[in-house]
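This is the structure I have questions about; it appears just below.
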Amino acid sequence: MPRLKDTYKAEVVPALMQKFSYDNVMQVPKIEKVVINMGLGEVKDNPKALDAALDELSVISGQRAVVTIAKKSVANFKVREGMKIGAKVTLRGSRMYEFVDKMISIAIPRVRDFRGISPKSFDGRGNFAMGFKEQLVFPEVDFDKVDAIRGMDIIIVTTAGTDEEARELLSMLGMPFARQGGSNG
């Protein structure tokens, strides 16, 4: 069993049941899935960038990445319908917990000038989105083989009904949220 899942069952579930006074264990919010997305604008000019991004995303997540395709044509971005424009991975189960654990304990502390994750990145339904400006914060990525710095978006989908419940769940799992109240220009 992944370390984070064990922590969730042993510590987080009882604490959330007490804090939000749930009647049933099934009401306690949990992480449903994690989606890692990498948009690749440079694929139009450099088709080999897609292969490199797919490999890096697969190494980071431990699961094969899939190519995302443009649903609409956008003239301003020189994108046609059906063009390959990115890569994504959807993690569930054990791989999801392993990835979130690795992200919280290894990748986030490696971010330069880190002052905490914005607690405002919730969507109103208990889902959390964040981004990394470079893939090098993950230790699996070989620094010497990276051809370009690419950012990625990470969406953590929870079963929580409100942002407050989801924020509490993620902070109990170890997500380093920035303190509210201060001005973060």
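The values are calculated or read from the model by the stated rules, or taken from the named source; none is laboratory data. Quick caveat: nothing in here was measured; it's all calculated off a predicted structure. As a convention, Cβ positions derive from the backbone with ideal geometry for all residues, glycine included, and neighbour counts pool all protein chains shown. We work out accessible area using only protein heavy atoms, side chains counted, and drop any ligands, DNA or RNA first. Shrake-Rupley method; radii C 1.70, N 1.55, O 1.52, S 1.80 Å.
Over the chain, with a Gaussian network built from C-alpha contacts below 10 Å, which listed residue (PRO47, PRO119, PRO139) shows the highest mean-square fluctuation?
PRO47
Between segment 13-46 and segment 100-136, what is the separation of their alpha carbon centroids in Å?
12 Å
Find which of PRO47, SER73, PHE177 sits farthest along the positive direction of the dipole of segment 29-185, computed with +1 on the beta-carbon of Lys and Arg, -1 on that of Asp and Glu, about the Cα centre.
Checking the options against the dipole of segment 29-185, the answer is SER73.
Which Cα, out of ILE156, TYR22, PHE138, lies furthest along the positive dipole direction of the chain (beta carbon charges, K/R +1, D/E -1)?
Towards the positive end, the residue furthest out is ILE156.
Using label points projected 7 Å from each Cα along Cα→Cβ, tell me how many nm separate MET130 and LYS72, to one decimal.
3.1 nm
Just the projected area, averaged over all directions, of the convex hull on the alpha carbon atoms of the chain: how many nm²?
So the Cα hull casts an average projection of 12.4 nm².
For the pair ILE106 and PHE177, how long in nm is the line joining their label points, each one 7 Å along Cα→Cβ?
According to this spin-label approximation, the distance is 2.6 nm.
Radius of gyration and Dmax for segment 26-78's Cα atoms, expressed in Å?
15.3, 49
Still on this structure, please answer the following. Quick check: at a probe of 1.4 Å, how many percent of the accessible area of the chain sits on carbon and sulfur atoms?
That share works out to 48 percent.
Sticking with this one: So, R0 is 41 Å and r is the distance between the beta-carbons of PHE143 and GLN27; what FRET efficiency does that work out to, to 0.05?
Here the calculated transfer efficiency is 0.40.
Follow-up question, since we're still on this one. What does the charge dipole of the chain about its Cα centre add up to, to the nearest 20 debye, if the Cβ of each Lys and Arg holds +1 and the Cβ of each Asp and Glu holds -1?
360 debye
Now for a separate question. With a 10 Å cut-off between alpha carbons and a GNM built on the chain, which of MET26, MET175, MET38 moves the most?
Maximum among the listed residues: MET26.
Another question, if that's okay. Once whole DSSP H runs in the chain are found, which of them have Cα atoms spread over 15 Å or more along the helix axis and a mean Kyte-Doolittle score of at least 0.0?
48-61
Which residue, ASN76, ASN46, ASN24, has the most motion in a Gaussian network model of the chain that connects Cα atoms within less than 10 Å?
Comparing ASN76, ASN46, ASN24 in a Gaussian network model of the chain, the most mobile one is ASN76.
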